[in-house]
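Shown next, in structure tokens, is the structure this report addresses.
The values are calculated or read from the model by the stated rules, or taken from the named source; none is laboratory data. Since we're looking at a predicted model, the values are computed, not measured. Here the Cβ is made from the backbone with ideal geometry for all residues, glycine too, and neighbour counts use every protein chain on show.
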Amino acid sequence: MRRLGSFLHDAWALTRPYWTSEEKARARLLLAAVVVLNLSLVGMTVVLTYWQRAFYNALEAKDSGTFWSLIFLGGEADGTWFPGFTVVAVAYILIAVYQLYLRQALQIRWRRWLTRDYLDDWLADRAYYRIALTDPGTDNPDQRVADDLRLFVDDTLTLGLGLMNSVVTLFSFILVLWSLSGPLEVFGVSIPGYMVWVALIYSALGTWLAHLIGRRLIGLNFLQQRVEADFRYALVRFRDNVEGVALHGGEADEKRGLLTRFQALAENWWAIMTATKRLTFFTAGYSQVASIFPIVVAAPAYFAGRIPLGGLIQTSSAFGQVQGALSWFVDSYARLTEWRATVERLTGFRRAIATARATASGPRPVAGPDVAVTLEGVTLSLPDGRVLIQDAALRLEKGEAVLISGASGSGKSTLFRALAGIWPYGQGAVHMPAGTRALFLPQRPYLPLGSLRRAVCYPLDAASVPEDAVREALEAVGLGHLRDRLDVEDAWDRRLSGGEQQRLAFARALIAKPDFLFLDEATASLDPAAEAALYRLVAERLPGVGMLSIAHRPAVAAFHGRSLRVAEGRLAAGEA
């Protein structure tokens, strides 16, 4: 019960924010409309049971006039006026269609709001970056945003409305069934409304057995979502690195890796199949017995002449509705297990984000009145606690160019991340002048999906950058041959060579015109002549920029006025 209570608390914590958000008025109105239409369907089902009674009584009496009136526009039967089947059917279809339409409208609005909320939480304070370092066990965040949110909204509405329908149906038909079933003598004891008690016992027993048989599906469905996402991610990663695989001739190893992941997926799927087979044996048998069980129970009264054929059919229908309502848990068990797995994955994702923010500490970025970028008492560590750089200090003025060098693994790139304010391990402060713009160019530039124009202007809004400025920047960095392809959408991170991507990154700098420019091996894929040309270009086009470069090549030092070196855990003056 404690685990169930914790799960329901988590489910409510995921559900409540949307219904109290800025969209609450429209959301509640849509939900109210869907609820009213659902209740209308239940009401029409109640009417149909009485219609069935009159219809089958007319058949038994061979009353063709009443029969045809009940088929078309309606008429009087058994002293009561009933609408015709065609009228009820048309109304039922219209209500069912708009109930589905409005529910789907609510689904997409809720999913849109949740997607924005999760993206805000994931992207804020660079949690997306920190969570990869602090909690690598939180797998496939992309799948949790794309698939799990969709499943959560869909299942929550479907199960919630289904449960509501079952409750309303139960109370609507239990009164009908009570009035139809009459008393039953058992060992001299008269039991009123005996069909109601039979339905309760039948459904309670079915619910208990369904939980015993199907509870293993909860863990299996949770794991299946994970292994499916792992396999999909491996395929995407292979697609994004086809050149590296081809150059290494790594097809056989990639195939082994993909098949290993698929094997885990298949093994869990077989386990789900086995558990589902056992549950389906029970639920299918349970449903089949339920279709004939009420007629068998009510047949003695029919054969004794206490109820007509229409009464027998109505009793059977009412019993089926009561039993179906009470068996909602049995019928929905498989979907409930999937919903629970989805809730646990989304809750775990949210907690992992919160944990990453709470536990990750690092050099604090501070905006201040100083006109220079400064590091004070910065110590940088790895996730395992090993110290890379101890008590580093640095001052970078506008218009100054500083080079940082050092052996591989000494912590240069980690220092680059600390300057950007994204490294979560260590202490100290990074002071960035208030109101200044800084641009960071890593060794492997990030090229977003979309057009070449977007890739060049990133992270600026491409629509805000004049086309002439984009074309001129490409020409200046040696990518003039791409000027006429600005609006072509392509996988530019695969279409362009490493050197071309680094040239494109320098074009960004020309467009953004930052106050401070930080480069981490940003010209490593270029030949010395092209590297020198780009550094000269920055000096000419951005004369007031403060530039800090991390590089291995000694020739780069010629474009910097001061050199620092990382060695033995210290950042100190030195030669490149």
Open item on the list: Filter region 231-275 down to the residues that are over 24 Å from residue 143 (Cα atoms) and assigned to a helix (DSSP H, G or I) and list them by number.
Closed with: 243, 244, 245, 246, 247, 248, 251, 252, 253, 274, 275
- [ ] Please go through region 319-365 and pick out each residue that is at pLDDT 80 or above and outside any helix (DSSP H, G or I).
- [x] 332, 363
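Mind checking which residues of region 59-101 are in contact (Cβ under 8 Å) with a residue 24 or more places away in the chain and more than 30 Å from residue 33 (Cβ to Cβ)?
Filtering region 59-101 for residues in contact (Cβ under 8 Å) with a residue 24 or more places away in the chain gives 59-60, 78, 80, 82-83, 85, 88, 91-92, 95-96, 98-99.
Result: 59, 60, 78, 80.
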Open item on the list: Tell me whether region 283-297 contains one or more residues that are touching a residue at least 40 places away in the same chain (Cβ under 8 Å), assigned to a helix (DSSP H, G or I), closer than 30 Å to residue 196 by Cα and within 32 Å of the chain's Cα centre (by Cα).
Closed with: yes
Task: Which listed residue, of 449, 460, 482, 439, is at pLDDT below 95, out of contact with any Ser or Thr (no Cβ under 7 Å at 6 or more places or on another chain) and assigned to a strand (DSSP E or B) - done: 439
Task: Residue that is farthest from residue 424 (Cα to Cα) [pool: residues in region 98-122 that are surrounded by fewer than 16 Cβ atoms within 10 Å (Cβ to Cβ) and more than 14 Å from the chain's Cα centre (by Cα)] - done: 98
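When the residues of region 460-475 are filtered to those that are among the small types (Gly, Ala, Ser) and closer than 14 Å to residue 504 by Cβ, which remaining residue is surrounded by the fewest Cβ atoms within 10 Å (Cβ to Cβ)?
Applying the first criterion (among the small types (Gly, Ala, Ser)) to region 460-475 yields 462-464, 469, 473.
Remaining after also requiring closer than 14 Å to residue 504 by Cβ: 462, 473.
Working: 462: 19, 473: 24.
Among those that are among the small types (Gly, Ala, Ser) and closer than 14 Å to residue 504 by Cβ, it is 462.
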Task: Sole exception among (1) assigned to a strand (DSSP E or B); (2) at pLDDT below 85; (3) surrounded by 13 or more Cβ atoms within 10 Å (Cβ to Cβ); (4) not basic (Lys, Arg) for residue 378, by number - done: (2)
Open item on the list: Take the residues in region 525-552 that are surrounded by fewer than 17 Cβ atoms within 10 Å (Cβ to Cβ) and not in a helix (DSSP H, G or I); name whichever of them is nearest to the chain's Cα centre (by Cα).
Closed with: 552
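Taking residue 520, is it under 28 Å from residue 572 (Cβ atoms) and in contact with a strand residue (DSSP E or B) (Cβ under 7 Å, 6 or more places away or on another chain)? Steps first, please.
Numbers: under 28 Å from residue 572 (Cβ atoms): yes; in contact with a strand residue (DSSP E or B) (Cβ under 7 Å, 6 or more places away or on another chain): yes.
Yes, satisfied.
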Open item on the list: Conditions first: (1) farther than 26 Å from residue 275 by Cβ; (2) surrounded by 15 or more Cβ atoms within 10 Å (Cβ to Cβ); (3) not polar (S, T, N, Q). Residue 237 passes all but one, so which condition is the exception?
Closed with: (2)
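Scan region 355-367 and tell me whether some residue there is crowded, with 18+ Cβ neighbours inside 10 Å and over 21 Å from residue 518 (Cβ atoms).
yes
Somewhere in region 148-163, is a residue assigned to a helix (DSSP H, G or I), more than 25 Å from the chain's Cα centre (by Cα) and without any contact (Cβ under 8 Å) to a residue 60 or more places away in the chain? Give the derivation first.
Filtering region 148-163 for residues assigned to a helix (DSSP H, G or I) gives 148-163.
Filter once more, keeping what is more than 25 Å from the chain's Cα centre (by Cα): none.
No, region 148-163 has no match at all.
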